[in-house]
Structures are given as C-alpha cells and as structure tokens.
Amino acid sequence: MKAAVVSAFDAPPRYQDFPDPTATGPDELVVDVLAAGLHPRVRSQANGSHYTTTGELPLVPGVDGVGRGPGGRLRYFVLPETTLGSMAERTVIDVRRSVVLPEGSDVLAVAAAMNPAMSSWVALRRRAEFQPGQDVLVLGATGNAGRLAVQIAKLLGAGRVVAAGRDEARLSAVGASETVPLDRVAEAADVDVVLDYVWGEPTAAAMAAVVTHRADRGKPLTWIEIGSVAGPTAAIPSAALRAARLRIIGSGQGSVTPRDIIAELPSLAEEITRGTFEINARPVALSDVEQAWAESTSTTERLVLTP
Ligand SMILES: NC(=O)c1ccc[n+]([C@@H]2O[C@H](COP(=O)([O-])OP(=O)(O)OC[C@H]3O[C@@H](n4cnc5c(N)ncnc54)[C@H](OP(=O)(O)O)[C@@H]3O)[C@@H](O)[C@H]2O)c1
C-alpha cells in the first residue's frame with residue numbers, strides 16, 4: 001500500500017510503498033483510511049520531538065482519523081503509540097478506541113476537529129471540576145484548538161468566555177464573550193478556569209498578572225496547561241502560588257487515562273457530526289504529503305490528508 005513514511009526525523013514524510021497491515025488481536029481491525037488530520041501533535045510525532053516518542057523509524061505519522069472497516073461501518077479512531085499511523089491507505093485500529101459515525105458524516109470535519117476539540121472537552125470534563133456558570137479564559141484562542149475551546153466552553157455552560165491571543169483582528173472572530181490581548185490578560189483576572197495553549201514566557205507573565213489582579217484572591221482558580229506553542233517551560237513566580245488560590249494542572253495523554261479519553265469520544269463525535277462547531281478543514285491528497293508538510297502551519301484551518 002501507499003503511505004506517508006518518515007525515515008529520518010529531520011526530513012518530511014515521503015509518499016511511498018509500505019507493508020500492508022494485518023490485524024492480530026481480537027479487537028483489531030484493518031480499516032481503509034478516508035481522512036487523517038495534520039495536527040501539531042502529528043508534526044511533533046514525525047520530527048521526533050513529542051514527549052511520547054520512542055525514536056523508532058521508519059514510521060507512518062498520524063494519531064487519529066476516519067476510516068471504513070470490513071463491515072462497511074464508518075469509524076473515527078484514535079491510535080495507540082505506533083509506527084503505523086493513520087497517514088496511509090490502510091491502518092490497524094483497536095475497535096475499543098473507535099466510535100461508529102452515522103453514514104453521511106462529514107469525514108473531513110471529524111478528522112480535522114476531534115483532536116483539537118478533545119483538548120478542551122477533556123480538560124473541562126475530566127481534569128477541572130468545571131461547573132456551568134463558571135468563567136473561562138482561553139490563552140491562544142486564535143488557533144484550531146483555541147477556537148474550539150471557546151465554542152466548547154460555551155456549549156458546556158460557561159458564564160463568560162474570554163479569548164486571549166496575540167492577533168487582535170483574528171481574536172474578534174472567535175465568538176467569545178470578550179477578547180483581550182495576550183499581554184493584557186490582567187483585564188480578565190476574575191475567571192475561574194484558564195485553558196492554556198501557550199505556556200512559555202507569555203504564560204509566566206499572564207499568570208503573574210492574573211493572580212495579582214483578582215478581586216478575590218481566595219476564589220479558586222484552575223489553570224490547565226494544554227499546549228505549549230510559545231515554549232516548553234515557563235518560569236512560574238512562587239508568589240503566584242502563595243498569593244492566590246491557584247491550582248495548576250495539565251491535560252493530555254498521561255494526565256488523562258486512555259479509558260477516560262475514549263469515554264469522551266462518542267459525545268464529542270456526536271456534536272461534531274451534528275455540526276455544532278465551526279470547523280475549517282482543507283483536504284490534501286496523501287500523495288501530496290511532502291507539500292503539505294512544507295506549508296507553514298496555518299492556525300485558521302486544519303489540513304486533512306485523504307488517501
Ligand atoms: N493536551 C492536549 O490534549 C492537546 C490536544 C490538541 C492540541 N494540543 C496542543 O495545543 C496547542 C495548539 O494546538 P492547535 O491545534 O490549536 O494549533 P494551531 O492551530 O497551530 O494554533 C496555534 C495557536 O498558538 C498561537 N501561537 C503560536 N505561537 C505563539 C506564541 N509564540 N505566542 C503566543 N501564541 C502563539 C497561535 O496564535 P496566532 O494565531 O497568533 O499565530 C494559535 O492561536 C499545540 O501545542 C498542541 O500540541 C494539546
């Protein structure tokens with residue numbers, strides 16, 4: 001079969017032949033892949049920088065996708081750590097890590113949105129004890145995950161949803177109750193939950209500003225680290241943890257168990273197939289994978305590879 005194949009971490013995947021997969025376990029199924037999202041997570045898998053990498057090569061990238069199994073059913077699937085990802089004509093899925101989609105579902109939208117949407121969906125439903133009516137601040141709200149986080153916080157009943165980012169023009173289009181430049185988040189200091197896609201220096205500054213400008217520093221504040229687009233480390237001021245009732249947690253593979261992540265797939269897939277969210281997916285043929293990799297990462301759309 002044809003697949004996108006990574007042979008070196010410093011080179012893009014190439015469209016080439018790869019051995020056909022076979023199912024071995026009782027819960028495994030070979031599916032024809034219809035669509036696989038090119039998420040930041042997939043880029044970091046392909047360049048060896050993700051925290052889960054084992055360094056094994058060659059590998060086919062792709063952490064999730066939509067495919068059709070031998071029974072003809074349409075499924076969204078999430079793959080375990082594997083060297084056979086979803087950017088191939090066929091891959092092996094574990095049916096327990098998949099959800100059957102209604103026939104006629106928009107496969108591009110599902111492949112584009114499940115990964116970025118899961119980030120806030122799981123964070124709010126599995127990591128924070130989020131309650132309807134609470135106010136949410138999204139740091140990095142102009143990206144694919146950030147825009148969906150605004151929509152998901154509203155869907156889950158948030159009171160105010162404040163969108164923070166560095167591009168003010170794009171911020172105004174994300175549908176938040178309020179927007180604030182990333183370097184002025186003190187204006188949104190009284191929220192209950194922060195969904196943080198940024199980390200690095202901007203987060204260290206934002207955290208110091210938020211905790212010192214809260215009207216009531218005894219009011220709980222849950223800061224959830226989800227992404228690190230501005231840097232993998234942040235210098236958190238010690239005073240932030242002493243001067244306010246701040247709790248810093250993370251949400252992702254590991255801090256949320258696979259079982260808990262899988263449990264959230266059906267309800268989120270249902271919202272996506274129902275058309276609840278605004279999703280901007282752009283299909284690219286799998287044979288053009290090298291070209292897709294070379295494109296600068298767009299935060300306004302998600303590329304979806306179609307074998
Ligand atoms: N933990 C999880 O479960 C999970 C799941 C999915 C994604 N993620 C992570 O979430 C992050 C965002 O993913 P995505 O799909 O939304 O990516 P994306 O579509 O590429 O969006 C990136 C976002 O980061 C912003 N950004 C980039 N560099 C920045 C900087 N130096 N300072 C401030 N903002 C910056 C962009 O702002 P501009 O619009 O101004 O460029 C944009 O809002 C990634 O780190 C991804 O790995 C985590």
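The values are calculated or read from the model by the stated rules, or taken from the named source; none is laboratory data. Just so it is clear, the structure is predicted and the values come from calculations on it, not from any experiment. Reconstructed Cβ throughout: ideal geometry from the backbone, glycine too, with neighbour counts over all protein chains shown. Surface accessibility is based on the protein's heavy atoms, side chains included, excluding ligands, DNA and RNA. Shrake-Rupley method; radii C 1.70, N 1.55, O 1.52, S 1.80 Å.
Can you tell me which residue within the stretch 25-75, out of those that are in a loop (DSSP other than H, G, I, E, B), of a type in the set (G, A, S) and at pLDDT below 95, is nearest to the ligand (Cβ to nearest atom)? Filtering first and then ranking leaves S49. Which residues, counting only those in the stretch 244-261, are more than 17 Å from the chain's Cα centre (by Cα) and of a type outside the set (K, R)? Scanning the stretch 244-261 gives A244, L246, I248. Selection within the stretch 189-207: residues that are of a type in the set (A, V, I, L, M, F, W, C) and away from the ligand (no atom under 16 Å from the Cβ). The member of this set that is farthest from V136 (Cα to Cα) is A189. You will find that of D17, D27, D10, the residue that is touching a residue at least 60 places away in the same chain (Cβ under 8 Å) and open to solvent by 30 Å² or more (accessible area, probe 1.4 Å) is D27 and no other. The condition of being in a loop (DSSP other than H, G, I, E, B) and either of a type outside the set (F, W, Y) or within 27 Å of A263 (Cβ to Cβ) (or both) holds for only one of T22, T91, that being T22. Note on the stretch 284-307: residues that are farther than 30 Å from R125 by Cβ, of a type outside the set (S, T, N, Q) and either surrounded by 15 or more Cβ atoms within 10 Å (Cβ to Cβ) or away from the ligand (no atom under 16 Å from the Cβ) (or both) total 9.
Residues checked against (1) crowded, with 24+ Cβ neighbours inside 10 Å; (2) free of Cβ contacts under 8 Å to residues at least 12 places away in the same chain:
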position: Q134; (1), (2): no, no
position: A141; (1), (2): yes, no
position: L148; (1), (2): yes, no
position: Q151; (1), (2): no, no
position: S172; (1), (2): no, yes
position: E178; (1), (2): no, no
position: D183; (1), (2): no, no
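A residue that is under 30 Å from V194 (Cβ atoms) and open to solvent by less than 30 Å² (accessible area, probe 1.4 Å) cannot be found anywhere in the stretch 80-98. Count of the stretch 185-228 residues, restricted to those that are open to solvent by 30 Å² or more (accessible area, probe 1.4 Å), in contact (Cβ under 8 Å) with a residue 60 or more places away in the chain and farther than 20 Å from Q151 by Cα, is 1.
This table checks each residue for (1) away from the ligand (no atom under 12 Å from the Cβ); (2) part of a loop (DSSP other than H, G, I, E, B).
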residue	(1), (2)
R147	no, no
A153	yes, no
G175	yes, yes
A186	yes, no
